[in-house]
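Peer 1: Sending over a structure as structure tokens; questions will come in a sec.
What follows is calculated from the coordinates using simple rules that are stated; it is not laboratory data. Remember, predicted model here, so these are calculated numbers, not experimental data. Cβ placement follows ideal geometry from the backbone for every residue including glycine, while neighbour counts extend to all protein chains displayed.
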Amino acid sequence: MDVPLWLALIVVGWLGVKLVRPPWWLIAVLLLGGFLLADSVLAPVIDSLTR
């Protein structure tokens, strides 16, 4: 069974927020940081590390 990546990320994120209960500012920092890193000069390095 193939699950789309976006669906898996939504489910894991939802479960993490429900079970761990992190503060909302931490969630916002992680989302914003990931968005900014994906569009930076470090993106090729991160891409090669995750493959």
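Peer 1: Counting only residues that are in a loop (DSSP other than H, G, I, E, B) and surrounded by 10 or more Cβ atoms within 10 Å (Cβ to Cβ), how many does the stretch 5-35 have? Spell out the reasoning first.
Peer 2: From the stretch 5-35, those in a loop (DSSP other than H, G, I, E, B) are 21-23; that's our starting set.
Okay, now just the ones that are also surrounded by 10 or more Cβ atoms within 10 Å (Cβ to Cβ), so 22.
Summing the residues that are in a loop (DSSP other than H, G, I, E, B) and surrounded by 10 or more Cβ atoms within 10 Å (Cβ to Cβ) in the stretch 5-35 gives 1.
Peer 1: For the stretch 36-51, give me each residue that is among the hydrophobic types (A, V, I, L, M, F, W, C) and surrounded by 10 or more Cβ atoms within 10 Å (Cβ to Cβ). Write out each step before concluding.
Peer 2: In the first step, residues of the stretch 36-51 are kept if they are among the hydrophobic types (A, V, I, L, M, F, W, C); the result is 36-38, 41-43, 45-46, 49.
Those that are among the hydrophobic types (A, V, I, L, M, F, W, C) and surrounded by 10 or more Cβ atoms within 10 Å (Cβ to Cβ): LEU36, LEU37, ALA38, LEU42, ALA43, VAL45, ILE46.
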